[in-house]
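Novice: Sending over a structure as structure tokens; questions will come in a sec.
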Amino acid sequence: MGRRLDADSLLNLLKKTPALEPLYIVSGDEPLLVIESCDALRAAASQAGYTERISLTMDARSDWSTVIGATQNVSLFGDRRLVELAIPGGKPGKAGAETLLKLANLIQTQALADTMLIISLPRLDKTSRNSKWAQGLFEAGTSIEVTSIGRPALPRWIAQRLARQDQQLDNATLEWMADKVEGNLLAAHQEVQKLGLLYPSGQISGPEVERAVLNVARYDVFGLRDAMLKGEPAKALTILTGLRAEGEALPLVLWAIGDEVRVLARLAASRGAGHDLTAEMRRQRVFGPREQLLRQTLDRLPAQAWPAAVQHAHDIDKLIKGLKVPGRLDDPWEELGRLALRIALVKKLG
């Protein structure tokens, strides 16, 4: 209890031992690594006999009594239960904070027999991290800190992912790839997977990589993101339709759009409070061509539009998990289109 790991340490630990803790807290702003950590825990739980799975997405306005109910309702068949609790905004509110503290106490007193909890959070700010609910969770469970992969470390990260496919690139090509994906880990992951499909094991030449990255025609989540930010609604919907047809994973598409929406909401709030926008962009790891796109988007949309957009993304996450959301369509792909249009259709202010 009270152990802290990084994402790689978690994966190595799960390979070495089948023993699982009753509580894991996964937090960070790298969507891909958060998803991979939760997937690894989910797979380990399944191997360990946790056959019943309950998934909940909560925020400050949610009915938190459902969380306690999910952990205490006894299965008719005596199955071991996995409860996944996502708090995308990182702010549980008063009722949520009290519930999380209660959960931490139940874990520490071993009152949750045959139940394993995975709680996923964004990177917590200092105030949230020092809150009673967060400290209670950290003391009761194992926390996985998903650290950001900055631009300097990205070539090495790409090389490690390629090595899993028994593929290698020279240093210059690794640097070129890191530049092309603009420091975005999801984009880098997508390009690594593409190279695994196109080329055999072994060394891949620079020209081969450039042809794959630049000339392979396919829809990608970052094209969708850019069309949305540029105010190109028709293109955004065309790309979204292509992603759906190609079988792209819904959670990754939502992460690409939703993460951008959350970053823009933070930037809009910071600018509204009179803070320096450039400095805030650096804190949010916004660089290069993406910076100009985000500035243009902030100029097109009023600041009050962003809280609703963030909530829309949270609602889509619930739909993906199979939950009903009042006022939303049942098809999360349709709601993703609505979210993209919410941003792409707004004209320049003034």
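The values are calculated or read from the model by the stated rules, or taken from the named source; none is laboratory data. Because the structure is a prediction, the values reported are computed rather than measured. In this analysis, Cβ positions are derived from the backbone assuming ideal geometry, glycine residues included, and neighbour counts consider all displayed protein chains. Surface accessibility is based on the protein's heavy atoms, side chains included, excluding ligands, DNA and RNA. Shrake-Rupley method; radii C 1.70, N 1.55, O 1.52, S 1.80 Å.
Novice: Considering only the stretch 261-280, how many residues are surrounded by 21 or more Cβ atoms within 10 Å (Cβ to Cβ) and modelled with pLDDT under 90?
Specialist: 0
Novice: Going through Asp29, Asp59 one at a time, which residue ends up being closer than 30 Å to Ala187 by Cβ, in contact with a Ser or Thr (Cβ under 8 Å, 6 or more places away or on another chain) and not assigned by the TED database to the domain that holds Trp157?
Specialist: One residue alone meets the criteria, Asp29.
Novice: Kindly evaluate Ala187 against the criterion of being within 18 Å of Leu154 (Cα to Cα), in the same structural domain as Arg156 (by the TED database) and modelled with pLDDT of 90 or more.
Specialist: For Ala187, the condition - within 18 Å of Leu154 (Cα to Cα), in the same structural domain as Arg156 (by the TED database) and modelled with pLDDT of 90 or more - is not met.
Novice: Is there any pair linking a residue in the stretch 222-241 that is free of Cβ contacts under 8 Å to residues at least 24 places away in the same chain to one that is outside any helix (DSSP H, G or I) and open to solvent by less than 40 Å² (accessible area, probe 1.4 Å), with Cβ under 7 Å and at least six apart or on different chains, and which?
Specialist: If the second residue must be outside any helix (DSSP H, G or I) and open to solvent by less than 40 Å² (accessible area, probe 1.4 Å), no pairs are left.
Novice: Would you call Gly89 modelled with pLDDT under 90 and closer than 23 Å to Ser55 by Cα?
Specialist: In short, yes.
Novice: I'd like to verify a number: residues in the stretch 91-123 that are touching a helix residue (DSSP H, G or I) at 6+ places or on another chain (Cβ under 8 Å), closer than 22 Å to Ser37 by Cα and either surrounded by fewer than 18 Cβ atoms within 10 Å (Cβ to Cβ) or not hydrophobic (A, V, I, L, M, F, W, C) (or both), how many?
Specialist: Residues in the stretch 91-123 being touching a helix residue (DSSP H, G or I) at 6+ places or on another chain (Cβ under 8 Å), closer than 22 Å to Ser37 by Cα and either surrounded by fewer than 18 Cβ atoms within 10 Å (Cβ to Cβ) or not hydrophobic (A, V, I, L, M, F, W, C) (or both): 5 in total.
Novice: It is to be established whether one or more residues within the stretch 232-251 are part of a helix (DSSP H, G or I) and touching a Pro at 6+ places or on another chain (Cβ under 9 Å).
Specialist: yes
Novice: Examine the stretch 6-20 for a residue that is part of a loop (DSSP other than H, G, I, E, B), in contact (Cβ under 8 Å) with a residue 12 or more places away in the chain and in contact with a Lys or Arg (Cβ under 7 Å, 6 or more places away or on another chain), and state whether such a residue exists.
Specialist: The answer is no; no qualifying residue exists.
Novice: Checking the structure you have, find out if any residue of the stretch 158-176 is among the aromatic types (Phe, Trp, Tyr) and at pLDDT 90 or above.
Specialist: No, the stretch 158-176 contains no residue that is among the aromatic types (Phe, Trp, Tyr) and at pLDDT 90 or above.
Novice: In this structure, is Val213 crowded, with 16+ Cβ neighbours inside 10 Å and free of Cβ contacts under 8 Å to residues at least 60 places away in the same chain?
Specialist: Considered against the rule, which asks whether it is crowded, with 16+ Cβ neighbours inside 10 Å and free of Cβ contacts under 8 Å to residues at least 60 places away in the same chain, Val213 comes out as yes.
Novice: Hey, another quick one. Being open to solvent by less than 20 Å² (accessible area, probe 1.4 Å), more than 28 Å from Glu260 (Cα to Cα) and without any contact (Cβ under 8 Å) to a residue 40 or more places away in the chain is true for just one of Gly136, Gly141. Which residue is that?
Specialist: Exactly one of Gly136, Gly141 is open to solvent by less than 20 Å² (accessible area, probe 1.4 Å), more than 28 Å from Glu260 (Cα to Cα) and without any contact (Cβ under 8 Å) to a residue 40 or more places away in the chain, namely Gly136.
Novice: Also, I was wondering about something else. Sort out which residues of the stretch 283-333 are farther than 15 Å from Leu250 by Cα, among the basic types (Lys, Arg) and under 20 Å from the mean Cα position of the chain (by Cα), and write them in order of number.
Specialist: Of everything in the stretch 283-333, those that are farther than 15 Å from Leu250 by Cα, among the basic types (Lys, Arg) and under 20 Å from the mean Cα position of the chain (by Cα) turn out to be Arg283, Arg285, Arg290.
Novice: Quick check on the stretch 272-279. Is at least one of its residues assigned to a helix (DSSP H, G or I) and among the charged types (D, E, K, R)?
Specialist: no
Novice: So, in the stretch 242-260, of the ones that are without any contact (Cβ under 8 Å) to a residue 60 or more places away in the chain and touching a Phe, Trp or Tyr at 6+ places or on another chain (Cβ under 7 Å), which residue ends up surrounded by the fewest Cβ atoms within 10 Å (Cβ to Cβ)?
Specialist: Taking the candidates together, the pick is Glu246.
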